[in-house]
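The values are calculated or read from the model by the stated rules, or taken from the named source; none is laboratory data. Just so it is clear, the structure is predicted and the values come from calculations on it, not from any experiment. A quick note on method: Cβ atoms are made from the backbone with ideal geometry, for glycine too, and the neighbour counts reach across all protein chains shown.
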Amino acid sequence: MRALVVANPAATTTTRATRDEVLAALAGELKVDLAETGHRGHGSDLAAQACADGVDVVVALGGDGTVNEVVNGLLHHGPRPGLPLLAVVPGGSTNVFSRALGRSRDPLRATREVLAAVQAGRTRRVSLGTASARGAPRTPATVPDPAGAQQAADGAAAAHPEWSEPRWFAFSAGLGFDADVIGRVEAHRARGRRSTGVLYVREATRAFVLGHERRNPAMTLEVAGQPPLDGLFLCLVSNVAPWTYLGPRPVNPSPEASFDTGLDVFAMGRVGVFRMLHHVRQVFAARPDARGRGVHRLHDLHELTLTASRPQGWQVDGDHLGTATGLRVTHVPAALRVVA
């Protein structure tokens, strides 16, 4: 069985020694080639080439950004028979998708789990999402074509020519506050700062306390068959639960989210500091159940649209993609086969 390992040499927790140990373990059972990413979007190009080359399994060795790029490369022409399997070995600081698949946080242990699953033929199909932005200054590295969704996408493009091509996401998308926090953290990382839970908490606190978006929310959420939700400053779209982690602690605003259902939404309107602290405690609880004034939760959605009266940050899988005045999000069931 041929395997391509797409490795991010800049991943937060992956050293060269760890990478070499992972490769050695995989090479004991598979015919392995290594390709290291050298720039943004490179992982998508490598995964797309793996499809053309008839590779059997693509192993993403890195963080959630690496996984997202590989997913977009594998699905460059949409879900279809014969695509390589996706396997994930965690190498980032959070590794949400890997943990959602039940992988160990330790790269070497996760590699052994992947090999055992490959040998036993354990695979599963997982649902994914796509997100198209309106007024986005940056375009995705690949152009996915989700099966069963192209006609709708063509109609949306005709009605709104400014909507970007869809970008696949594995576990989350968002417009507003969460994307702004991610953008702040990425700015620190660009200056050489290491991504940590403490850094995220600090930037989230600053953005909430000092920012003006929560005081003057600009977003509206529209779902077919339901009245619009106006006055939102945050909207998290989840494909799995938990939504993310701070170290070992899950952050779980949408505990019902699952690969086996549609998308879940956690949205918030105007809220004060003390009410926000109350909701934060709820999403960190052992049995999370964030409800109350200013909180909106929706489960098992096929499609949703977010619009904003002024530009907002947007993100997929923890990757800040610039600003937009709208986000169109679609659920695609059984989109990709992964090593389970």
Subset of segment 20-32, residues under 14 Å from VAL114 (Cβ atoms) and assigned to a strand (DSSP E or B), comes to VAL32
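Report yes if some residue within segment 26-39 is among the acidic types (Asp, Glu), in the same structural domain as PHE97 (by TED's automatic domain parsing), touching a Gly at 6+ places or on another chain (Cβ under 8 Å) and under 17 Å from VAL339 (Cα atoms); otherwise report no.
No, that holds for no residue.
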Can you name the residue in segment 57-78 that is crowded, with 22+ Cβ neighbours inside 10 Å and part of a loop (DSSP other than H, G, I, E, B) and is also farthest from the chain's Cα centre (by Cα) among such residues?
LEU75
Inside segment 91-112, can you point out the residues that are surrounded by 21 or more Cβ atoms within 10 Å (Cβ to Cβ), more than 18 Å from LEU336 (Cβ to Cβ) and modelled with pLDDT of 95 or more?
PRO107, ALA110, THR111
Being at pLDDT 95 or above, small (Gly, Ala, Ser) and within 20 Å of GLY102 (Cα to Cα), is that true of even one residue in segment 219-240?
yes
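Here is a list: ALA17, ALA35. Which entry is in a helix (DSSP H, G or I) and either over 20 Å from the mean Cα position of the chain (by Cα) or surrounded by fewer than 24 Cβ atoms within 10 Å (Cβ to Cβ) (or both)?
Details: ALA35 fails: in a helix (DSSP H, G or I).
Exactly one of ALA17, ALA35 is in a helix (DSSP H, G or I) and either over 20 Å from the mean Cα position of the chain (by Cα) or surrounded by fewer than 24 Cβ atoms within 10 Å (Cβ to Cβ) (or both), namely ALA17.
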